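S.K.: Quick one: structure below, then a few questions.
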Amino acid sequence: MRDPKQDGSSLGISSGNSENSDLANSLIAARTGDEMAFAVIWRHHNPRLSRFVQSKTYGSDIDFEEVISDTWLNVAKDIRKFKGDFSEFTSWLYAIARNRIIDASRKRDRTIRPKEDLEEAFWLPSSLNVEKDFEADESVKALIAQINALPDAQSEVVLMRVVGDLSVEEIAKIVKKNPNAVRVLAHRGLATLRENVKSSKGGSRE
Amino acid sequence: MNSDKDFLDDPLFKGLKKFASTSDAQVDLPSDIAYTLRNAGIRSTRQKVVRRSVFTIITASVVLPSLSFAHVLPTPIDNIVKSVVHLVSTPVRVISNVINDPAPTIPAPSGSVTTTPEPATLTPTSEPITPTPTPTPAPTKTLVPQAPAPAPTRTHTETHTETPKTVSPPKPAVGGGEKENEGEGEGEERGIAPTLPKATLPSAPNSKPSIPGGGRSEGHTEGKSSEGEGHDD
């Protein structure tokens, strides 16, 4: 017995307005504990959320799958307490993911000692861990690495804007800043990224 | 808005946007998330029940006694509330009595025994002490003006006890006569000798002519006067 909403055709994702209304209704139902409605929301948000977390944790030895799982578990646990519309729910979801990434990086800093002999003895190189599950073009990976090399605030805004497909207002709620400040951060990040890409291309040619 | 659109349409992000829009192979909700959602529902329902019941108990415990005191409640409910209040407040009263009463209750048995004998013993001892000073000044005053004949016998016994007091008054009294004063000085040097000649007081009435020395000094100078007279001679 599958809920009709689970079928792609009945989700109404094809057209914008009906999709939003369906998602809003699903959110209302999920808040009361409806598992099917929660599945609809999960199916809508999970791909982009996963890409965002993968991108943000690229180059580090943070287990992105664990971060995504923790994020959704947190959402499932507290969705009854959530009050707001679907846009606010998106901000809330990404804020939880962002906090889980921060927690994971702190946990990693506590556990891993930067001694080379210990790394060689007990841990695999971080690149192996990421390369194992992360499937993307090399050019995309190079770009993500360059975005992550930006200052934290800029890289965060750029990834949320491009990968998460969030609006400036939603990002402003997540990072708790003015929307104009978010725009400035995004454009500064883009400018720096262009310069870096240009210089890297020039360096590779030379 | 245009700048935002330009930002998203930047050719630099073309590959990244394509990567972000790829769909997941996983379609079904993971079982652990579904399980958490179910558990969260049960937990939130339980929390809601607990919170509401606690709130109800607190409200009832505040409101019902106050209504009972105001005699607003119907009699059966009022009785129930009073019995519950009594039941709850009894241990508190017991504890508060234990805390408040220790001073009167604990010393009462022991204090009654100790306090009663103490005043009983003190009052009789104080009474005999107080009368003793009162009779002592009396003889000094009465003896001096009295006639010389009966005085000596009494002064013998009493001057022994009050020698320091009786000795000091004669000094100012002596100022009445210079001859006696001189005689006193010699008499003092002789120490307690003045008391001894009192035994020979029968001759004292003969010394009436030496009265100018003053009435007070008579008792003292009786023995001395003979010596002073002797000097004068």
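S.K.: Taking A:S55 and the conditions (1) over 18 Å from B:T36 (Cα atoms); (2) out of contact with any helix residue (DSSP H, G or I) (no Cβ under 8 Å at 6 or more places or on another chain), which numbered condition does it fall short on, given that it satisfies the others?
M.R.: (2)
S.K.: Here's another thing I want to ask about it. Would you mind finding the one in B:V54, B:V72 that is closer than 30 Å to A:D34 by Cβ, surrounded by fewer than 13 Cβ atoms within 10 Å (Cβ to Cβ) and of a type outside the set (D, E, K, R)?
M.R.: One residue alone meets the criteria, B:V54.
S.K.: Among the residues that make up region B:57-64, is at least one of them open to solvent by less than 70 Å² (accessible area, probe 1.4 Å) and touching a residue at least 12 places away in the same chain (Cβ under 8 Å)?
M.R.: Yes.
S.K.: Within region A:71-82, does at least one residue satisfy the condition of being assigned to a helix (DSSP H, G or I), free of Cβ contacts under 8 Å to residues at least 12 places away in the same chain, within 13 Å of another protein chain (Cβ to nearest Cβ) and buried (at least 16 other Cβ atoms within 10 Å of the Cβ)?
M.R.: Looking through region A:71-82, at least one residue is assigned to a helix (DSSP H, G or I), free of Cβ contacts under 8 Å to residues at least 12 places away in the same chain, within 13 Å of another protein chain (Cβ to nearest Cβ) and buried (at least 16 other Cβ atoms within 10 Å of the Cβ).
Here is a yes/no grid of residues against (1) more than 24 Å from A:V163 (Cα to Cα); (2) modelled with pLDDT of 85 or more; (3) not β-branched (V, I, T):
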position: A:G8; (1), (2), (3): no, no, yes
position: A:L11; (1), (2), (3): no, no, yes
position: A:N20; (1), (2), (3): no, no, yes
position: A:M36; (1), (2), (3): yes, yes, yes
position: A:I41; (1), (2), (3): no, yes, no
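S.K.: Got a number for residues in region A:83-107 being in a loop (DSSP other than H, G, I, E, B) and either of a type in the set (A, V, I, L, M, F, W, C) or crowded, with 21+ Cβ neighbours inside 10 Å (or both)?
M.R.: Result for region A:83-107: 0.
S.K.: Across region A:21-70, which residue is nearest to the other protein chains (Cβ to nearest Cβ) among those that are open to solvent by 30 Å² or more (accessible area, probe 1.4 Å) and β-branched (V, I, T)?
M.R.: A:T32
S.K.: Something else now. Can you tell me which residues in region B:1-55 are of a type in the set (F, W, Y) and more than 7 Å from chain A (Cβ to nearest Cβ)?
M.R.: B:Y35, B:F55
S.K.: List the number of the failed condition for B:I42; all other conditions in (1) at pLDDT below 90; (2) open to solvent by less than 70 Å² (accessible area, probe 1.4 Å) hold.
M.R.: Only one criterion in (1) at pLDDT below 90; (2) open to solvent by less than 70 Å² (accessible area, probe 1.4 Å) is unmet by B:I42, namely (2).
S.K.: Scan region A:159-192 residue by residue and report those that are within 16 Å of A:K56 (Cα to Cα) and either at pLDDT below 90 or not in a helix (DSSP H, G or I) (or both).
M.R.: A:V163, A:G164, A:D165, A:L166
S.K.: I've got another one for you. With respect to the numbered conditions (1) under 30 Å from A:A181 (Cα atoms); (2) more than 14 Å from chain A (Cβ to nearest Cβ); (3) among the aliphatic types (A, V, I, L, M), which one is the sole condition not fulfilled by B:I58?
M.R.: The number of the failed condition is (1).
The values are calculated or read from the model by the stated rules, or taken from the named source; none is laboratory data. A quick note: this is a predicted structure, and the numbers were derived from the prediction, not measured. As a convention, Cβ positions derive from the backbone with ideal geometry for all residues, glycine included, and neighbour counts pool all protein chains shown. SASA here: full protein model, heavy atoms, side chains in, ligands and nucleic acids out. Shrake-Rupley method; radii C 1.70, N 1.55, O 1.52, S 1.80 Å.
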